[in-house]
Each structure stands twice: as structure tokens, then as C-alpha cells.
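Before any comments, here is the structure.
The values are calculated or read from the model by the stated rules, or taken from the named source; none is laboratory data. All values derive from a computational prediction rather than experimental measurement. Every residue, glycine among them, receives a Cβ derived from its backbone with ideal geometry; neighbour counts consider all protein chains shown.
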Amino acid sequence: MRELAGTVTLVTATSQADEAAMTATSVCSVSAEPPQLLACVHRGGRTHALIATSRKFAINVLSPQHADLARHYSAAGRTGGMLVRGRWLRNSERPALLADALVAFSCEVVQEMDAGTHTVFVGRVVYLTCRGTHPLIYRQGMFGRFAEMTSDLSHEILDY
């Protein structure tokens, strides 16, 4: 599984006065019409409990400048996932969004399914912000940056 490179995100959830965040790479788009995303969330964490209660979550796509935030919230089990680092946009209608996220999606749960130790939450996108830079990537236990391939190289790889 460590060979599956993934975009690094912070999944946030809010329920009443409680909020939590966790670092995740198991996030992806489901459909464009309607716009839906999925997040795989470990059942043992506070973020999971808040999503299950509120039926809402946010996916905040990180850029390379957020590597320290990703490390901090990857220890959510030890820190409780409290939103103590980062600049957060709070609104009573949706979970907290990272103010300088590459993209931040606010979602309402439309479906969930059990998957081993995790729940797969499918959410309909109801709000988003977009800033546009390159994403933070995670692979083999390390963070990295996206690098575009030269046109010659991409042609060689695709020409088989």
C-alpha cells in the first residue's frame, strides 16, 4: 500500500461545539454530476464519530507548505485531532475549512459503507474554495511535491 502515492488532505468534521481533523490520502472523486467525493475514515477516531453524528465532512487538499500540518494531524489519535494548528474558516453550516488549502470541499454524507477498520463516507459537495497550486503528495512514508513530466518523457511512457 505504501507504493500508492496519494494527494495529502485534512478531513475535518464538526458537531455542535466539537471539531476534529485527521490527515488522509484515502480520498478521491466519485462523480462530477452530482459532484461527490469519498473519504475513508478509521472508525476509532474522533473525526469518524463527528462525521457519523453531523453527517458532514470537509476535505482540505494540502500544498507542500502544509507538510507540518499533515504531520501534526496524522497524529490525531494521540492529539485528539483538535484544530489547534492552521488557520481555519469556521461557519455554523459546515465543518471547518483550512483557509489556505489548495482546495477545500464541504460535503454532506449521502452514503456510507463499512470497509474493514474504516467507513467509506461518500459526500455531495455543497461548497468549495479553490486557490490553485501543486498538491502535497505522500508515498513510502515521505511527503513530496508534484512534478510535471516533459512532453518527450510522457510520450515515451504512453507510447506502447
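Based on what the data block shows, is VAL11 on the phi < 0 side of the Ramachandran plot, buried (at least 18 other Cβ atoms within 10 Å of the Cβ) and touching a residue at least 40 places away in the same chain (Cβ under 8 Å)?
Yes.
Which one is modelled with the lowest pLDDT among residues in the stretch 117-135 that are closer than 23 Å to LEU69 by Cα and part of a loop (DSSP other than H, G, I, E, B)?
GLY132
Any residue that is touching a helix residue (DSSP H, G or I) at 6+ places or on another chain (Cβ under 9 Å), over 22 Å from ARG131 (Cα atoms) and either in a helix (DSSP H, G or I) or at pLDDT below 95 (or both) - is there at least one of those in the stretch 66-76?
Yes; the residues of the stretch 66-76 include at least one that is touching a helix residue (DSSP H, G or I) at 6+ places or on another chain (Cβ under 9 Å), over 22 Å from ARG131 (Cα atoms) and either in a helix (DSSP H, G or I) or at pLDDT below 95 (or both).
For the list (1) in a helix (DSSP H, G or I); (2) basic (Lys, Arg); (3) over 14 Å from the mean Cα position of the chain (by Cα), I need the number of the one condition that ARG85 fails.
(1)
Keeping to the stretch 49-69, report how many residues are over 20 Å from LEU37 (Cα atoms) and of a type in the set (Gly, Ala, Ser).
Let us first name the residues in the stretch 49-69 that are over 20 Å from LEU37 (Cα atoms), namely 64-69.
Next cut, of a type in the set (Gly, Ala, Ser) only: 67.
Residues meeting the conditions: 1.
Which pairs turn up if I take residues in the stretch 24-39 that are under 17 Å from LYS56 (Cα atoms) and look for partners that are basic (Lys, Arg) with beta carbon separation below 6 Å, at least 6 apart in sequence or on another chain?
PRO34/ARG124; GLN36/ARG124
Test SER106 against the criterion of being of a type in the set (S, T, N, Q), surrounded by fewer than 16 Cβ atoms within 10 Å (Cβ to Cβ) and outside any helix (DSSP H, G or I), and give yes or no.
no
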